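Note sheet for the following structure.
The values are calculated or read from the model by the stated rules, or taken from the named source; none is laboratory data. Just so it is clear, the structure is predicted and the values come from calculations on it, not from any experiment. All Cβ positions, glycine included, derive from the backbone under ideal geometry; neighbour counts span all protein chains shown. The area values use the complete protein model at the heavy-atom level, side chains included, leaving out ligands, DNA and RNA. Shrake-Rupley method; radii C 1.70, N 1.55, O 1.52, S 1.80 Å.
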Amino acid sequence: MKKILALLLAAMMVFALCACGGSDSSSPAGDLDAVKAAGKLVVGITDFEPMDYQNADGEWVGFDADLAALFAESLGVDVEFIEIDWDNKILELNNKSIDCIWNGMTLTDEVTAAASCSKPYMRNAQVIVIPAADADQYADVESMSGLTFAVEAGSAGEAAVAELGYTATPVSTQANALMEVAADTSDAAVIDLLMAYAMTGEGTGYADLTYTFSLNEEEYGVAFRQGSDLTDALNSYFAAAYADGTMDSLAETYGLAGSVIAQ
């Protein structure tokens, strides 16, 4: 009788262990619980005004930064921003050094195949930035074929230049791509329209630069690990934030009115 009881107890212990393993919060499906348990949402970003950038106090602000903070607040957790190498964004995500990529990220085929992505929330395009004094020399994209282009490594801008077959110099961020043109070490840059709008022209830090042609049309999304339940949580938040005007209000704050996609 004792042997039978011992076997029954052993079987119950094995069953209990298996049941616990099935609800492991470290799996992608348990990312939401893991974030809540950690008390913070870790967001991978780059310096990308007006989406994510530091203000005079060193705080991360911008359309994406503010929206990420509000999403974290809706989950009852804090937000932590970590600057990442954009070329290694998926690796950072899968290594769990970040919980999501939220940084004006274009929903390319490469990204959507490698991660679980939110619904698109903002329109964008890749545009060519050149010195304003040179703008009259270039009537179309074809006339720029002999130029050297600075692009962010791993970005949609780099892909757009590669598709044209033009010469590209990869740099670490889109901000650095603008610096290359301003320093005359590259003839032009290809960056996101929203960044070009905010950072070039009169009244900006790059008053002598201007953007010209759009090379494509794009949509932004947020990436989580494949199978993550955080994706559905964010999609639900987006729907609520669009309905109550939060997204449009933030867009107005950062000069992006009209760019938000209805949820």
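Worth pointing out:
- Search result, residues across the stretch 107-129 that are more than 25 Å from ALA182 (Cα to Cα) and either open to solvent by 40 Å² or more (accessible area, probe 1.4 Å) or assigned to a loop (DSSP other than H, G, I, E, B) (or both): LEU107, THR108, ASP109, GLU110, THR112, ALA113, ALA115, SER118, LYS119, PRO120, TYR121, ARG123
- Filtered residues of the stretch 245-263 (kept if aliphatic (A, V, I, L, M) and open to solvent by 30 Å² or more (accessible area, probe 1.4 Å)): ALA257, ALA262
- Some residue of the stretch 165-173 being open to solvent by less than 30 Å² (accessible area, probe 1.4 Å) and under 30 Å from THR253 (Cα atoms): yes
- Qualifying positions in the stretch 29-52 - assigned to a strand (DSSP E or B) and surrounded by fewer than 21 Cβ atoms within 10 Å (Cβ to Cβ): LYS40, VAL42
- Every test in (1) in the same structural domain as ALA162 (by TED's automatic domain parsing); (2) charged (D, E, K, R); (3) at negative phi; (4) at pLDDT 95 or above is passed by ASP229 save one, and that test is (1).
- Among the candidates GLY62, GLY104, GLY58, the residue that is surrounded by fewer than 23 Cβ atoms within 10 Å (Cβ to Cβ) and at positive phi is uniquely GLY58.
- Tally, over the stretch 217-244, of residues that are farther than 20 Å from GLN263 by Cα, open to solvent by less than 50 Å² (accessible area, probe 1.4 Å) and out of contact with any Cys (no Cβ under 9 Å at 6 or more places or on another chain): 0
- Restricting the stretch 208-263 to residues that are assigned to a strand (DSSP E or B) and closer than 19 Å to GLU73 by Cβ, the residue that is farthest from the chain's Cα centre (by Cα): PHE224
- Those residues of the stretch 188-200 which are modelled with pLDDT of 95 or more and not aliphatic (A, V, I, L, M), in sequence order: ASP192, THR200
- Subset tally (residues that are in contact (Cβ under 8 Å) with a residue 24 or more places away in the chain and either of a type outside the set (Gly, Ala, Ser) or in the same structural domain as GLY62 (by TED's automatic domain parsing) (or both)) for the stretch 186-206: 11
- If you go through the stretch 59-84 and keep only what is assigned to a loop (DSSP other than H, G, I, E, B) and closer than 20 Å to SER172 by Cα, you end up with GLY62, ILE84.
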